Amino acid sequence: MPLLPLRTPRLRLREFRLEDAPDIMRLNAEPSTRRGLPSHVYRDIDEATQAMGFLIACVASPGDPRRGPYVLAVEHGQTRELLGHVGGSPLDGEVEVSYAIAEAWRGHGYGTEALACFCERLSAAFGLSSLIAVTALENARSRRLLERAGFVHACDETMAFQGTQRDVSRYRWRSPNLNDARV
């Protein structure tokens with residue numbers, strides 16, 4: 001994606017750095033992350049550092065969310081504190097977006113702001129007319145965040161999600177600048 005970092009009025013979305021591993025460990029230790037995103041929970045700092053290295057490499061090559069993960073750090077625009085992450089990766093021939101914001105920073109609109117910015121830039125950079133998001137059916141906060149970021153509920157289904165068969169809600173975001181013939 002050209003022109004990193006991305007900026008919003010309050011945030012900066014940038015490539016991860018290996019030095020982010022301790023902050024990611026703190027985010028992943030939070031109860032909501034352990035419960036809702038167990039695939040993002042690392043055993044120790046070495047595993048977190050390896051994960052950061054993998055994500056850094058994926059942004060560089062293939063550098064395309066249709067072919068591999070494209071995940072950016074979300075940091076506070078003024079303090080540069082790491083608040084979480086936002087990313088896109090291939091799912092069922094489409095690009096699925098995901099996000100996580102540290103519990104202490106929730107409720108201030110940072111997740112919505114980061115996701116909306118990321119979707120607009122991802123769409124423009126890669127010519128994607130729509131994106132999808134999948135969240136646990138019972139995760140009402142995530143569902144509301146998706147709707148605030150411009151996603152529309154598409155369906156509820158059961159699928160492999162975070163390592164188990166789960167009831168999920170699938171959402172779709174459509175680029176206001178690109179047309180899409182798919183439903």
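The values are calculated or read from the model by the stated rules, or taken from the named source; none is laboratory data. Quick caveat: nothing in here was measured; it's all calculated off a predicted structure. As a convention, Cβ positions derive from the backbone with ideal geometry for all residues, glycine included, and neighbour counts pool all protein chains shown.
Mind checking which residues of segment 16-28 are assigned to a loop (DSSP other than H, G, I, E, B) and either crowded, with 18+ Cβ neighbours inside 10 Å or at pLDDT below 85 (or both)? Can you show your working first?
We begin by selecting, within segment 16-28, every residue assigned to a loop (DSSP other than H, G, I, E, B); these are 16-17.
Scanning segment 16-28 gives a single hit, Phe16.
Per-residue answers, yes or no, for (1) in contact (Cβ under 8 Å) with a residue 60 or more places away in the chain; (2) of a type in the set (Ser, Thr, Tyr); (3) under 20 Å from Arg172 (Cα atoms):
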residue	(1), (2), (3)
Glu30	yes, no, no
Thr33	yes, yes, no
Ser39	yes, yes, no
Met52	no, no, no
Ala57	no, no, no
Pro65	yes, no, yes
Val71	no, no, yes
His108	no, no, no
Ser123	no, yes, yes
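Selection over segment 29-76 of residues that are among the small types (Gly, Ala, Ser), crowded, with 17+ Cβ neighbours inside 10 Å and closer than 21 Å to Glu15 by Cβ gives a count of 4.
Evaluate segment 159-171: report whether one residue or more is surrounded by fewer than 21 Cβ atoms within 10 Å (Cβ to Cβ) and at positive phi. Within segment 159-171 (the criterion being surrounded by fewer than 21 Cβ atoms within 10 Å (Cβ to Cβ) and at positive phi), the answer is yes, since at least one residue qualifies.
Per the conditions (1) modelled with pLDDT of 95 or more; (2) surrounded by fewer than 17 Cβ atoms within 10 Å (Cβ to Cβ), the sole criterion not satisfied by Leu115 is (2). A Cβ distance below 9 Å, combined with a sequence gap of six or more or placement on separate chains, defines the contacts here; from segment 6-21, residues that are closer than 24 Å to Ile45 by Cα reach residues that are surrounded by fewer than 20 Cβ atoms within 10 Å (Cβ to Cβ) and aromatic (Phe, Trp, Tyr) in the pairs Ala21/Tyr42. The requirement of being under 26 Å from Arg141 (Cα atoms), surrounded by fewer than 14 Cβ atoms within 10 Å (Cβ to Cβ) and in contact with a helix residue (DSSP H, G or I) (Cβ under 9 Å, 6 or more places away or on another chain) is fulfilled somewhere in segment 3-11, by at least one residue. The set of residues in segment 44-71 that are in a helix (DSSP H, G or I) and of a type in the set (Asp, Glu) comprises Asp46, Glu47. Take the residues in segment 29-76 that are farther than 22 Å from Gly93 by Cα and among the hydroxyl-bearing types (Ser, Thr, Tyr), then tell me which one is modelled with the highest pLDDT. Here the answer is Thr49.
State the number of residues belonging to segment 50-81 that are hydroxyl-bearing (Ser, Thr, Tyr) and more than 25 Å from Ile132 (Cβ to Cβ).
Selection size over segment 50-81: 1.
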